[in-house]
Amino acid sequence: MEYIVKGRNVDLDEKIKSYSEKKIKRKINKLLDKITRTEVKLKLEKNPRISDNKVVEITLFAAGAVIKVNGAGTDFFEAIDRASSKLERQIKKYREKLIERGRRNNVKEAVPGGTGKTGSGESKKLEDKVRQSIVKTKTFILKPITPEEAVIQMEFLGHDFFVFINSETERTAVVYRRKDSNYGLIEPTI
């Protein structure tokens, strides 16, 4: 497993790196197999109004899943502790989903004449389950801006994508951060 520790607006010392590795790597190895990469980002928020200005962001890349958690504190050790406890809860939740998925597949195979294909009744149940799994809805006002301004807003918010109305085309668009540190623009065509 590849374990990467990065810092933004902060100088990383060996004590913090070894503490994060000890706390996070141990929980990961104990709870989950088949992890390909773990990224730990330590950030220092420069806003003086934020008391918990040390932020730790953990991203786990496992087989077929990405688990991402954040933790904040007055120092990096506290932030690592908070993030690792959140990570433990997320890993347990992920494992329960895997176990439940395996049980459902075994039930379909055990039913005589069951093909495993979803009928209209099963697709309705699936649709209801997906509807219940949407736990948060956000609303916001879209203002016409250029893609460059959208990238600046996205970076300012610390998100990986940003939805906006492109002032050049008058259509809804999305900018996103690519893995190669560049940006992408998604625009619909009608």
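The values are calculated or read from the model by the stated rules, or taken from the named source; none is laboratory data. Everything quoted here is computed from the prediction, not taken from an experiment. Here the Cβ is made from the backbone with ideal geometry for all residues, glycine too, and neighbour counts use every protein chain on show.
Some observations on this one:
- Close pairs (6 angstrom Cβ cut-off, 6 or more residues apart or separate chains): without any contact (Cβ under 8 Å) to a residue 40 or more places away in the chain and exposed (fewer than 11 other Cβ atoms within 10 Å of the Cβ) in region 1-15, in a strand (DSSP E or B) and not β-branched (Val, Ile, Thr) anywhere: Glu2/Arg37; Ile4/Glu39
- Residue satisfying all of: in region 33-62; farther than 21 Å from Asp11 by Cβ and of a type in the set (Lys, Arg); surrounded by the most Cβ atoms within 10 Å (Cβ to Cβ) among these: Arg37
Here is a yes/no grid of residues against (1) under 21 Å from Glu2 (Cα atoms); (2) in the same structural domain as Glu21 (by TED's automatic domain parsing); (3) modelled with pLDDT under 90:
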position: Arg49; (1), (2), (3): no, yes, yes
position: Ile58; (1), (2), (3): yes, yes, no
position: Ile67; (1), (2), (3): yes, yes, yes
position: Asn70; (1), (2), (3): yes, yes, no
position: Ile80; (1), (2), (3): yes, yes, no
position: Ala83; (1), (2), (3): yes, yes, no
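- Complete set of residues in region 144-156 that are at pLDDT 80 or above and of a type outside the set (Ser, Thr, Tyr): Pro144, Ile145, Pro147, Glu148, Glu149, Ala150, Val151, Ile152, Gln153, Met154, Glu155
- Subset of region 169-188 (residues that are in contact with a strand residue (DSSP E or B) (Cβ under 9 Å, 6 or more places away or on another chain) and either of a type in the set (Asp, Glu) or without any contact (Cβ under 8 Å) to a residue 24 or more places away in the chain (or both)): Glu170, Arg171, Val174, Tyr176, Arg177, Arg178, Gly184, Ile186, Glu187, Pro188
- Enumeration of residues in region 91-117 that are of a type in the set (S, T, N, Q) and either at pLDDT 70 or above or part of a helix (DSSP H, G or I) (or both): Asn105, Asn106
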